[in-house]
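Asks: Handing you this structure, nothing more for now.
The values are calculated or read from the model by the stated rules, or taken from the named source; none is laboratory data. It should be emphasised that the depicted structure is a prediction, and the values quoted were computed from it without experimental measurement. Cβ: placed from backbone, ideal geometry, glycine included. Neighbour counts: every protein chain shown. Ligands, DNA and RNA are excluded from the accessible area calculation, which covers all protein heavy atoms including side chains. Shrake-Rupley method; radii C 1.70, N 1.55, O 1.52, S 1.80 Å.
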Amino acid sequence: MTESTKCAHQACKCLVPTDSPHGKYCSEHCKEAVALSELKCDCKHPGCR
Ligand SMILES: [Zn+2]
Ligand SMILES: [Zn+2]
């Protein structure tokens, strides 16, 4: 069983594994974008564009 949680980026709908190398985010993109208050996610993951 793999635990996952939603990406901490508000506009992102990706699920992030709890052992993600990016912490609470699905990608480095979200980690940086959260400081920019992006209105839409651009992490390029499927289902997130
Ligand atoms: Zn995303
Ligand atoms: Zn994300």
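Asks: For the chain, which GluC sites (Glu not before Pro) are both in a DSSP coil and crowded by at most 13 other Cβ atoms within 10 Å? Walk me through the numbers on the way to the answer.
Replies: Working: sites: Glu3, Glu28, Glu32, Glu38; in loops: Glu3, Glu38.
Hits after loop and neighbour filter: Glu3.
Asks: How much accessible surface area, in Å² rounded to 10, belongs to the heavy atoms of Val34 with a 1.4 Å probe?
Replies: Its heavy atoms expose roughly 60 Å² to the probe.
Asks: Report, by chain and number, residues whose modeled amide H sits under 5 Å from the one on Val16, excluding near sequence neighbours (fewer than 5 apart, same chain).
Replies: Distant-sequence amide H within range of Val16: Thr5, Lys6, Cys7.
Asks: Can you pull the one-decimal nm distance between simple spin-label points at Glu3 and Lys24, each 7 Å off the Cα toward Cβ?
Replies: The modelled label-to-label distance comes out at 1.5 nm.
Asks: What number results when the radius of gyration of the chain, computed over Cα atoms, is divided by 2.2 N^0.38 Å? Don't skip to the end; give the middle numbers.
Replies: Values: Rg = 10.0 Å, N = 49, 2.2 N^0.38 = 9.7 Å.
Here the answer is 1.04, to two decimals.
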